[in-house]
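Working notes for the structure below.
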Amino acid sequence: MDRLNYDHLLYFWTVAKEGSVAAACRRLHLAQPTVSGQIRTLERSLGHKLLERRGRGLVLTEMGQAVFGFADDIFSIGLSLIDAVRGRAPEERLRLRVGVTDVLPKLVVYRILLPILSMPERVRLVCYEGKQPELLARLTVHELDVVLADTPVPPHMSAGVYSHRLGESGLSVFGTHGLTRKHRAGFPQSLDGAPFLLSTTNTVVRRTLDHWLKAQNLRPRIVGEFEDSALLKAFGQSGAGFFVAPSLIEREVRDQYGVSILGRVPGVKEHFYAISAERKIKHPAMVVLTDYARVKLSSTGG
């Protein structure tokens, strides 16, 4: 039977956490040749390169990222074992690593993830943000447990990953109190010529909204386009123009940014998905996440 040398794994794990061999040696109280040599032995035994030099530093390879995730679980469980033996309350043993696509509104993500922190089990929630292809790549090597996105997995990337529909929301148009008073009459036609802040054209919401505006023969004055939804809302808060956000977080957007609702965009929806490497979700925290979201993410979202 293949055997894993846990000392070698510990040295690799420490180097990955500390960011350099030198820093790991200080923490482990070992000489640099010892740590470097035993990590090379681990790489030979696994048959994969785990670390590679980039510039003056070390970075994890794709396989290194996967091995680090397993090592993190292994040594977290070890610490819990020591706590239990010594009669201390153990640290959490359940962890959910979530990838969040950068186009998702953060208030929606917060609402989806919040119930996990109320579970009877102690859960450590670890969130990463990025582009969907990058996050899906990390999901396939088990560095992430789930990816939250506004689109399902593209057909050409669907091997080994599965999309679970969480729900949808309509869209509402927000603006400062003065701006909404000026344009409230005759909505949505009052948007014609009005200042507008939009997400960039690489998002589903932008393309859907463009189609709706064209169908209504509306031509707002586009003041700015943003990839970051929080930055877009900050400009909207300043009065630079109207912006849209999911109707299900209307109250949160009003309270956080001090804006008013001009109206809701009829017939336009934003969809939400959880993408996992499991056809049937088994992770306890993911079960809570998906069950809650499917109940709360209604089509009206008010």
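Hey, can you tell me all the residues within segment 219-247 that are surrounded by fewer than 15 Cβ atoms within 10 Å (Cβ to Cβ), in contact (Cβ under 8 Å) with a residue 60 or more places away in the chain and part of a helix (DSSP H, G or I)?
230, the sole residue that qualifies.
Of the conditions (1) aliphatic (A, V, I, L, M); (2) surrounded by 13 or more Cβ atoms within 10 Å (Cβ to Cβ); (3) more than 30 Å from residue 130 (Cβ to Cβ), residue 94 clears all except one; give me its number.
Looking at each condition in turn, residue 94 falls short on (3).
Determine which single condition residue 210 fails, assuming it passes every other condition in (1) farther than 27 Å from residue 98 by Cβ; (2) touching a residue at least 24 places away in the same chain (Cβ under 8 Å).
Every listed condition holds for residue 210 apart from (2).
For the subset of segment 274-284 comprising residues that are of a type in the set (A, V, I, L, M, F, W, C) and under 15 Å from the mean Cα position of the chain (by Cα), which member is surrounded by the most Cβ atoms within 10 Å (Cβ to Cβ)?
275
Go through segment 254-268 residue by residue and tally those that are surrounded by 15 or more Cβ atoms within 10 Å (Cβ to Cβ) and either at pLDDT below 90 or β-branched (Val, Ile, Thr) (or both).
4
Among (1) closer than 26 Å to residue 61 by Cβ; (2) outside any loop (DSSP other than H, G, I, E, B), where does residue 111 come up short?
Residue 111 satisfies all of (1) closer than 26 Å to residue 61 by Cβ; (2) outside any loop (DSSP other than H, G, I, E, B) except (1).
Condition check ((1) within 22 Å of residue 137 (Cβ to Cβ); (2) surrounded by 15 or more Cβ atoms within 10 Å (Cβ to Cβ)) across all residues:
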position	(1), (2)
9	no, yes
19	yes, no
32	no, no
43	yes, yes
85	no, no
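Table: residues versus (1) crowded, with 21+ Cβ neighbours inside 10 Å; (2) in contact (Cβ under 8 Å) with a residue 60 or more places away in the chain; (3) assigned to a loop (DSSP other than H, G, I, E, B).
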| position | (1), (2), (3) |
| --- | --- |
| 117 | no, no, no |
| 121 | no, yes, yes |
| 127 | no, no, no |
| 138 | no, yes, no |
| 144 | yes, no, yes |
| 152 | no, yes, yes |
| 159 | no, no, yes |
| 169 | yes, yes, no |
| 174 | yes, yes, no |
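If I ask for residues that are more than 28 Å from residue 234 (Cβ to Cβ), of a type in the set (Val, Ile, Thr) and assigned to a strand (DSSP E or B), which ones from segment 249-302 would you list?
Result: 275, single match.
Quick check on my filter: what residues within segment 250-297 are over 19 Å from residue 123 (Cβ atoms), polar (S, T, N, Q) and in the same structural domain as residue 159 (by TED's automatic domain parsing)?
Those that are over 19 Å from residue 123 (Cβ atoms), polar (S, T, N, Q) and in the same structural domain as residue 159 (by TED's automatic domain parsing): none in segment 250-297.
What helices (runs of 4 or more DSSP H) completely inside segment 1-94 contain at least 2 residues that are hydroxyl-bearing (Ser, Thr, Tyr), more than 30 Å from residue 289 (Cα to Cα) and touching a residue at least 12 places away in the same chain (Cβ under 8 Å)?
Values: elements: 6-18, 21-28, 32-46, 62-85.
By residue number, 6-18, 32-46.
Can you name the residue in segment 194-216 that is at pLDDT below 95 and assigned to a loop (DSSP other than H, G, I, E, B) and is also farthest from the chain's Cα centre (by Cα) among such residues?
By that ranking, first place goes to 216.
The values are calculated or read from the model by the stated rules, or taken from the named source; none is laboratory data. What you see is a predicted model; the values in this text were computed from it and never measured. So basically every Cβ, Gly included, is an ideal-geometry build from the backbone, and we count neighbours across all protein chains shown.
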